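> Can you keep this structure in mind? I'll have questions shortly.
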Amino acid sequence: MGNMFSNRRKPGKMRMQRKAQIWISVVLYVLIAAVVMVIVLEAGIPLLEGMRDRAVFEKTKDSMITLDQHVRDVADEGLGSQRSVPVEIQQGEFIIEDDRLKWEMDSKSKILEPRTHVSFGNVIVASNVDVRTTDYGSFYTLENSRLKANISSFGSPENHTSISLSSLIRGIKLKETGTTLTGTFSFEIGNSCTSGTGWTELVPHGNNSLLGDAEVVVHMNPNSTSCSYDLELILESQADFLRVDIRNFRP
């Protein structure tokens, strides 16, 4: 009789192929699960860090407000009054400086808007603010972590005096290099507009710290043959330069 052909597969070989397919599927599932887990972790870690930093911030803020209230109570009760107040600092740095208690924490999370400055009684909550001002009478100081500028003070709202813009800036110190820039700082504002009479003011007034920005304003009221304007020297947080604006210019 002629040759006979069979289309049947051997059972053992079929089982091996099925096992291999199952094993490959398991590996693929494991790899997919691992990739998903990595993606979740990479996306979730910043979120978890942000939640942690916010929790630390809120707890420390509440502790500082409670501490401030205890200080007020002791002051009201008079001599001999005292309190024992536990303050737990989980993260950041606790500093005693210039008769103030300061807590600082670096965070990549946006817990507060940049240059935010909010007061809770005597407790000030601030973000990305490092400008401080000092009024020495004859001159003002605008200072942040990178720059310190000494600016002359002239007159008052009630007593206008002669002003020359070339003598306005006394010196600028760049803190990163320790270099102090002195000499004459010139301004060009039209013709014959850089001298006259007027007065200067520090905004905000007085000695301040933890500011988002501060400025010295020159209110210039030159001779009738000249012009009048307000010149602003502004220092912002973490800036290494002074910004100059002119407002209310009248020729």
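The values are calculated or read from the model by the stated rules, or taken from the named source; none is laboratory data. Because the structure is predicted, anything quoted here is derived from the model rather than measured. Cβ placement follows ideal geometry from the backbone for every residue including glycine, while neighbour counts extend to all protein chains displayed.
> From the list Ser127, Ser145, pick out the single residue that is among the hydroxyl-bearing types (Ser, Thr, Tyr), surrounded by 17 or more Cβ atoms within 10 Å (Cβ to Cβ) and either on the phi < 0 side of the Ramachandran plot or in contact with a Gly (Cβ under 8 Å, 6 or more places away or on another chain) (or both).
Checking each option against the conditions leaves just Ser127.
> Here is a follow-up. Give Phe154, Phe185 a once-over and let me know the one that is among the hydrophobic types (A, V, I, L, M, F, W, C), free of Cβ contacts under 8 Å to residues at least 60 places away in the same chain and either over 25 Å from Glu113 (Cβ atoms) or not in a strand (DSSP E or B) (or both). Walk me through how you get there before you give the answer.
Values: Phe154 fails: free of Cβ contacts under 8 Å to residues at least 60 places away in the same chain.
Going through Phe154, Phe185 in turn, just one is among the hydrophobic types (A, V, I, L, M, F, W, C), free of Cβ contacts under 8 Å to residues at least 60 places away in the same chain and either over 25 Å from Glu113 (Cβ atoms) or not in a strand (DSSP E or B) (or both): Phe185.
> Quick one: Thr180 ticks every box in (1) of a type in the set (Val, Ile, Thr); (2) surrounded by 12 or more Cβ atoms within 10 Å (Cβ to Cβ); (3) part of a strand (DSSP E or B) except a single one, so which number is it?
(2)
> In region 148-157, which residues are crowded, with 19+ Cβ neighbours inside 10 Å and over 19 Å from Arg243 (Cβ atoms)?
Passing the criteria: only Phe154.
> Still on this structure, please answer the following. Look through Asn159, Asn223, Asn191 and report the one residue that is over 26 Å from Asp99 (Cα atoms), assigned to a loop (DSSP other than H, G, I, E, B), at pLDDT 90 or above and polar (S, T, N, Q).
Residue meeting the stated conditions: Asn159.
> Identify, please: which residue in region 75-110 is small (Gly, Ala, Ser) and under 15 Å from Ala126 (Cβ atoms) and is, among those, nearest to the chain's Cα centre (by Cα)?
Within region 75-110, the subset small (Gly, Ala, Ser) is 75, 78, 80-81, 84, 92, 107, 109.
Now drop any that are not under 15 Å from Ala126 (Cβ atoms), which leaves 92, 107.
Working: Gly92: 15, Ser107: 11 Å.
Here the answer is Ser107.
> Please determine, by comparing only the residues of region 145-154 that are modelled with pLDDT of 95 or more and among the polar types (S, T, N, Q), which one is farthest from Ala239 (Cα to Cα).
Result: Ser153.
> Could you check, for region 103-120, whether at least one of its residues is of a type in the set (Phe, Trp, Tyr) and surrounded by 12 or more Cβ atoms within 10 Å (Cβ to Cβ)?
Initial filter on region 103-120 (of a type in the set (Phe, Trp, Tyr)): 103, 120.
Next, only the ones that are surrounded by 12 or more Cβ atoms within 10 Å (Cβ to Cβ) stay: 103, 120.
Yes, that holds for at least one residue.
> If I filter region 158-169 down to residues being in contact with a strand residue (DSSP E or B) (Cβ under 8 Å, 6 or more places away or on another chain) and over 14 Å from Phe187 (Cα atoms), which single residue comes out as surrounded by the fewest Cβ atoms within 10 Å (Cβ to Cβ)?
Asn159
> For Arg54, are the conditions met, namely being of a type outside the set (Asp, Glu), in contact (Cβ under 8 Å) with a residue 12 or more places away in the chain and part of a helix (DSSP H, G or I)?
Numbers: of a type outside the set (Asp, Glu): yes; in contact (Cβ under 8 Å) with a residue 12 or more places away in the chain: yes; part of a helix (DSSP H, G or I): yes.
It is true that Arg54 is of a type outside the set (Asp, Glu), in contact (Cβ under 8 Å) with a residue 12 or more places away in the chain and part of a helix (DSSP H, G or I).
> Just for region 204-219: of the residues that are assigned to a strand (DSSP E or B) and under 19 Å from the mean Cα position of the chain (by Cα), which one is nearest to Val125 (Cα to Cα)?
So the residue we want is Leu210.
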